[in-house]
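Just below is one structure, and these are the notes that go with it.
None of the figures in this text is laboratory data; all of them are computed from the coordinates on show. Here the structure is a predicted model, which is why all the values come from computation and not from measurement. Ideal geometry is used to build each Cβ from the backbone, glycine not excepted, and the neighbour counts take in all protein chains shown.
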Amino acid sequence: MKTKVLGAVSGLAIVASTVAFAEPQAEVLHYWTSGGEAKSVAVLQGEFAANGGTWTDMPVAGGGGDAAGTALRARVLAGNAPTAAQIKGPAIQEWYEEGVLADISAVAEANNWADVLPASIAGHMQCDGTWCAAPVNVHRVDWIWANAEVLSANGIDMPTSWDEFNAAAEQLQAAGIIPLAHGGQAWQDATVFEAVALGILGADGFHKAFVELDTETLTSDDMKAVFDQMRTMRGFVDSNFSGRDWNLATAMVMNGEAAFQIMGDWAKGEFMAAGKVPGEDFLCASTPGEGFLYNVDSFAMFAVDGEEKQQGQALLAELIVGKNFQEVFNLNKGSIPARTDVELDAFDSCALLSAADMSASNDNGSLLPSYAHGMALRGAQSGAITDVVTAHFNSDMSSDDAVQMLANAIANSM
Amino acid sequence: MTDMSYTTSTSGKGVGKIALRWGLYIMLGLFALFYLMPLFVMLTTSLKSLEEIRTGDLISLPREVTLDAWRTAWSGACTGIQCEGVRPYFWNSVLIAIPAVMISTLIGALNGYVVAQWRFKGANLFFALMLFGCFIPFQVVLLPMARMLGLMGLAGTIPGLIFVHVIYGLGFTTLFFRNYYVSIPAELTKAAKVDGAGFFRVFWSIFLPLSLPIIVVTVIWQFTQIWNDFLFGVSFSQAGTQPVTVALNNIVNSTTGVKAYNVDMAAAIIAALPTLLVYVVAGKYFVRGLTAGSVKG
Amino acid sequence: MTKWLEENTPKLVLAPSFVAVLIFVYGFIAWTAWVSLTRSRLLPKYEIDSFIQYDRLFASPRWDTAFSNLFVFGFLFIVIAMILGLILAILLDQNIRTEGAIRTIYLYPMALSMIVTGTAWKWILNPGLGLEATVRGWGFENFTFDWLVNPDMAIYTIVIAAIWQSSGFVMALFLAGLRSVDQEIIKAAQVDGIPTWRVYTAIIIPSMAPIFLSAFIVLSHLAIKSFDLVIALTGGGPGYATDLPATYMYAMAFSRGDIGQAASSAMIMMLVVFTIVVPYLYSELRSKND
């Protein structure tokens, strides 16, 4: 009896000592590879190392995470899952349903994530009541950027309704300036589309259409009005827009060749890199209408064997949502912290506006997931919508046909 | 080499002949421009500063030539949190490509030798199955292959990548060697067998020495395919085993970062240097190897 | 025992490749066929459902575009690359002094990966940046070349880039063919006073039939697998006007988490390959071994 107890105690001691001496390890699959992004991740790696961890970097860029997704699937199927991977939105739940994610509730509860994150964002990080992912940042998608000089030279203010936008655009066009800088890639078409949809459908309508996939809303007259506005905006785009990268469109605004661009706040990084000052050289505002469309990057932890790796996951999760990382990372990245209690003194005016709008929309229920950036729907459904949006924008399809196609495509994607 | 020079020398005389010649060279030159156009764009862009790209024409000669982008691409560009350029990944690609090319060429040679010279019942069926395998779209095999590599314990390793490249290279290497060996008279093998030479002996002392041209063709083909592969490289690697195309992709294809086109282009040219070198150095042997019979099949 | 070994060595040598192909090609095709009958989403599932994935596939307007693009693209690419390759080979076979350099220039695109040449092509073909702007800059104000941004024409820009990449290789094949035509026959024809173009059309080109077949196989292999090209050049756009089956399949499997759908499109692709390759194999093997 005694020996048994002793044995158990010494056994515990051994476990405890291995815990104490195990080095947290993490192999992190992510798609942040270019200059500013990479520097942002390096901050996390630095903190990880300062806490005694060993970080192995597994970057795979491309297609907004498509290539990383390919690598992730191959590795999970091979039984060789990475410790942590950059996954976002409903994909987190999809991976959870495959039974391959680890539970990080212990860390989340110890650090009070439920209190410091906006409720709708926290919702994305939870699977069946447990915490399964850690949020890094909040990108706002429904931004409109403008060249300050071009606007003032033409006596135009930032538009607060789509009618104002159309009027301003016509005036600019008459003055020989491209009203809207746009890159004709499917995801960029979708980005503009959802900004327009939010403005016209309102927060409730947006939620019904792009979160609940309510057929009535999707085929409503309001939705036709959204497509009508897209058709109007097609006329404000120059003729060479197809396939243009978003940053080249941003450059057009910078050069004064074009006046506006509708794009997420990563566009700010492009302005900043060129030495432009927000409020002076370029202006930022939310697109016309109420609400806030968020695109939250996050890391999910995969179920892996090995004490070191599991410790690595716990440490990583804690650091990602930690105040310091949230501040430093987002200063680099152009986005705002996911947690609401970070000091924002060091952030620029656009980021401050974003943070204020986020907390206001969180209070009035208009804080909404971006469909175009994979936050609102599963891949098959959001992809089906994007197919219709981009087909409509790049042809002379009528709005009636478009909503019909939209309903069919969604039915076919289930 | 000289067949048609004979024709031209008899068909044209004096001025007409010279005009014809000039016309010929101009045509060839125009086509050369067409082929060089993208390389020109890549080269000039890689020599510009980012400032100039952002403000100026994308397709124009650089106002100021700078090699900064090349230095950055080789040893400073971020491919993740490591900012060491494409250099570390280069070695991985070498470690993958060289064994994979050698093994698939050797097996292809043996397969081709059997199918062409040791015909037995079913050899043709084998060859047909093999050839059809060349056409399987690689996107189809990614997921089952990942599972298989996991079962074999090769997931994420360089041997795993070599294995995949060898498997999906076999179709073409077998095709090349088979078509080459088929034109070698069967009597040669028969005579050697009468003299008591065995299977490997015949291969080693008769066929292999004849094979240099087709080996060159196969090696060039395989090296190009494997070195430029991205899909397998990205799916079946892990941290530390990623090939250079994945690094290149990481530099070029970031979605929400600031784009440095000059570094992109320089990195692309650097990543392509080994294959370019192979084509420049071995190009002559390539056509010669094809001439020697591979295409007669 | 040794005798058995001796007799069966050829079979034993083939055995590993045979097993490998059975598993890694045909086994995987069977796997894909199986998955195409399931409702697999993010990861493969194995409960057979029905032909629903095929119904969904044929109901998808995007697949219609991708599938018909395969034929437009494949046909133009193969035919033009062959003609261009042949012309270049004949031009280059006229005892050109700088042959080595020119041949390398024609051949080098094959060595480059499309990940970045795609970007260069995108700029060249973009009306505002590339060819159109340049030619207009020379004073030809009415010159228009806007295929890249025109949904009806964009697929042809893919054809151009694909031809750029592969026609040099086809040229090398034909050049090799020209050099292995029996010189005596050509000399005899010329002595008889037959004009050069007739020598080509009546004697040289017909004797290269096997090379046309080889070129066809290599090119159709490239056409069916064309993927990087589309991703780098147009990303499937404008809209999804330049989607091909390979890009459709990849999008479904890896960006949309719709693996069942991807598997069904893969099976249709395999069917197309089958109808193209099997007749070739049949003629190829029959003529050689009877």
Report summary line: Placing each pseudo-label 7 Å from Cα in the direction of the beta carbon, A:ASN111 and A:GLU343 end up separated by a distance in nanometres of 2.0
Requested in this report: Sort by residue number and report every cysteine in chain B with no other cysteine beta carbon within a distance under 4.7 Å.
Outcome: B:CYS134
Report summary line: Mean per-residue count of partner chain Cβ within 10 Å for C:149-156 equals 3
Report task. Just tell me how shielded B:219-231 is by partners: mean number of partner chain Cβ atoms within 10 Å of each residue's Cβ, no decimals. Result -> 3
**Report entry** Point-to-point label distance, A:THR56-A:LYS224, nm (Cα→Cβ direction, 7 Å offset)
**Finding:** 5.8
**Report entry** Unit Cα scatterers, Debye sum, chain B: log10 I(q)/I(0) for q = 0.09, 0.10, 0.11, 0.15 Å⁻¹
**Finding:** -0.63, -0.75, -0.86, -1.18
Report summary line: Place a point 7 Å from the Cα of C:TYR156 in the direction of its beta carbon; the residues of the range C:45-74 whose amide N falls under 20 Å from it are C:65-74
Report summary line: Counting other chain Cβ atoms within 10 Å of each Cβ in C:217-225 and taking the mean gives 3
Requested in this report: Using Cα centres only, tell me the gap between the range A:235-271 and the range C:14-49 in whole Å.
Outcome: 44
Report summary line: Interchain or sequence-distant (5+) residues whose placed amide H lies within less than 5 Å of the amide H of A:TRP131 are A:ILE104, A:SER105
Query raised in the report: Quick one: if the Förster radius is 45 Å, what FRET efficiency do B:LYS17 and A:LYS276 give, using the C-beta to C-beta distance and rounding to 0.05?
Result: 0.10
Report summary line: Plugging the Cβ-Cβ distance of B:LEU43 and C:TRP138 into 1/(1 + (r/R0)^6) at R0 = 25 Å yields, to the nearest 0.05, a FRET efficiency of 0.70
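Given a Förster radius of 45 Å and the C-beta distance between A:SER152 and C:ILE83 as r, what FRET efficiency does 1/(1 + (r/R0)^6) yield to the nearest 0.05? Don't skip to the end; give the middle numbers.
On the way: r = 57 Å, r/R0 = 1.27.
With a Förster radius of 45 Å, E is 0.20.
What's the magnitude of the charge dipole for the protein assembly as shown around its Cα centre, counting Lys and Arg as +1 and Asp and Glu as -1 at the beta-carbon? Answer in Debye, nearest 20. Write down the numbers at each step before the final one.
Working: 56 positive and 83 negative charges, 1129 e Å.
Rounded to the nearest 20 debye, it is 5420 debye.
To one decimal place, what Kirkwood hydrodynamic radius in Å is obtained for the range B:201-247 from all pairs of distinct Cα atoms?
On the way: mean 1/r = 0.0776 Å⁻¹.
By the Kirkwood definition, the hydrodynamic radius is 12.9 Å.
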**Report entry** Residue among C:VAL159, C:ALA241, C:MET114 farthest towards the positive dipole end of chain C, charges placed on Cβ
**Finding:** C:MET114
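Note down the magnitude of the dipole of chain B about its Cα centre, charges +1 on Lys and Arg C-beta and -1 on Asp and Glu C-beta and zero elsewhere, to the nearest 20 debye. Write down the numbers at each step before the final one.
Details: 19 positive and 11 negative charges, 194 e Å.
Here chain B has a charge dipole of around 940 debye.
Counting only C-alpha contacts under 8 Å and six or more residues apart, can you give the relative contact order of the range C:63-289 as a whole percent? Don't skip to the answer; put the middle values down first.
Values: 236 pairs, mean separation 66.8, N = 227.
In percent, rounded to a whole number, it is 29.
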Query raised in the report: Mean separation of Cα pairs under 8 Å and 6+ residues apart, divided by the residue count of the range A:105-218: what relative contact order is that in percent?
Result: 14
Report summary line: Site B:LYS193, offset 7 angstrom along Cα→Cβ, radius 17 Å on amide nitrogen, limited to the range B:107-128, gives B:111-124
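Over all alpha-carbon pairs in the protein assembly as shown, figure out the percentage whose distance exceeds 39 Å.
Working: 237004 of 500500 pairs.
That fraction is 47 percent.
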Requested in this report: Take each of the peptides C:189-200, C:118-129, average the number of other beta-carbon atoms within 10 Å over its residues, and list them starting from the highest.
Outcome: C:118-129, C:189-200
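Quick check: residue separation of B:PHE34 and B:LEU95 times 0.36 nm, minus the Cα distance between them. What number comes out in nm? List each step's numbers first, then the result.
Working: separation 61, 0.36 × 61 = 21.96 nm, distance 3.45 nm.
Full-extension gain reported as 18.5 nm.
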**Report entry** Whole-angstrom Cα spans of the range C:168-241 along principal axes, big to small
**Finding:** 59, 19, 15
Query - Hull shadow area, averaged, the range C:63-289 [alpha-carbon convex hull, nm²] - result: 16.4
